[in-house]
Amino acid sequence: RYIENSPIFFVDKINTPMLLMHNDHDTAVPWYQGIELFVAMRRLNKPAWMLNYNNEPHWPTKRENIVDFNIRMQQFFDH
């Protein structure tokens with residue numbers, strides 16, 4: 001089931017630009033999985049950007065990180 005459902009095995013079929021946010025204190029998803037997906041995308045010359053906020057859980061909780069994420073997300077969609 002892991003192979004059937006993991007996006008890492010289908011990166012070659014991804015055509016949509018991707019903005020990833022994966023924080024290092026995420027308890028919901030292992031941090032390295034975000035890095036694996038990002039690296040796989042970049043190795044195949046797929047448009048991908050990754051944001052990481054240190055000492056943050058699954059979603060940014062510090063005000064400065066929330067503001068930064070919102071700005072970067074807007075820049076991504078404007079791009």
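Each reported figure results from applying straightforward, stated rules to the coordinates on display, with no laboratory input. Treat the numbers as computed from the prediction; the structure is a model and nothing was measured. With ideal geometry, Cβ positions are generated from the backbone for all residues, glycine too; neighbour counts draw on all protein chains shown.
Once the chain from D12 to W59 is taken as fully extended at 0.36 nm per residue, the excess over their C-alpha distance is 14.2 nm.
Amide H contacts of M21 (H built 1.01 Å from N, in plane; Pro and chain starts excluded): L51 sit under 5 Å, all sequence-distant by 5 or more or on other chains.
From the square roots a ≥ b ≥ c of the eigenvalues of the alpha-carbon gyration tensor of the stretch 35-79, which class results: rounded (a/c under 1.5), prolate (a/b over b/c), or oblate? Judged from the Cα gyration tensor, the stretch 35-79 comes out oblate (a/c at least 1.5, b/c at or above a/b). Dimensions of the chain based on its C-alpha atoms, expressed as ranges along the principal axes with the largest first, amount to 37, 31, 17 Å. For the stretch 1-45, the square roots a ≥ b ≥ c of the C-alpha gyration tensor eigenvalues yield an a/c of 1.5 or more together with a/b not exceeding b/c, which makes the shape oblate.
Taking amide H positions as modeled 1.01 Å from N, with prolines and chain starts lacking one, the residues under 5 Å from A48 and 5 or more places away or on another chain are M18.
With point charges of +1 on the Cβ of Lys and Arg and -1 on the Cβ of Asp and Glu, referenced to the Cα centre of the chain, which listed residue (S6, Q33, P57) lies farthest in the positive direction of the dipole? Result: S6, furthest along the dipole toward the positive end.
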